[in-house]
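Encoded as structure tokens, the structure appears first; notes follow it.
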Amino acid sequence: MASGKDLPNIGGFIRDLRRSAKISLRQLSEQAGVSNPYLSQIERGLRKPSAEVLQQLASALRVSTPAMYLRAGLLDDREGQGVLAAIAVDPDLTMAQKQSLTQIYETFRRENARLVEATAAADAASAESATGPVTTESATGPVTTESVASPPTTEPESSPARPSGASADLANIAVTGPTTTGGTPTGGA
């Protein structure tokens, strides 16, 4: 059997959480589904709990499983797990406050991860559009975004709008006078 000095201080961490929650060793063992003597040995540092037992204890103590794994030495202190562990052991917080802070922190981290993904996708899309037209295949052959997006205009931008249909004919007559069916002026005005 290993001495308490060889194992991470998970036993003391579990004991502190249990005392903060104001539950007895027997109550925690029942809630976590772990035998009372085994839990006592864990708290005294005589036994090292498995990941499964740590997960059951975390659930019973209402702390995040990663925080429990971190304290047991199963996880590295990265990606904010140190924050979760600090919340879990803070003696000035109630269990409800610890749960709320943990949930808020994890929600912020998930939202920031989604924001980073969305920004990366938008940057990739803008980089793709900046490199020029993109050719895609359609049923009739290749299509470029350049030809679909905006065909070149032939009239100057300062020219007045041209009327269409019958009003175009009236406008033409007013400017050039009567014309033949081919559109040439008749000369009689």
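Coordinate-derived values only; no laboratory data. This is a predicted model, so every value here is computed, not measured.
Just check segment 10-101 against the gyration tensor rule for me: Cα atoms, a ≥ b ≥ c as the square roots of the eigenvalues, rounded for a/c under 1.5, and otherwise prolate or oblate depending on whether a/b exceeds b/c. It comes out oblate by the Cα gyration axes. Working note: Karplus 6.51/-1.76/1.60 with θ = phi - 60° gives segment 9-14 the couplings 6, 6, x, x, 4, 5 Hz, where Gly and Pro are set to x.
Amide H of VAL34: which non-local residues (sequence gap of 5 or more, or other chain) have their own amide H closer than 5 Å, using H built in the peptide plane? Those lying under 5 Å, H to H, from VAL34: there are none.
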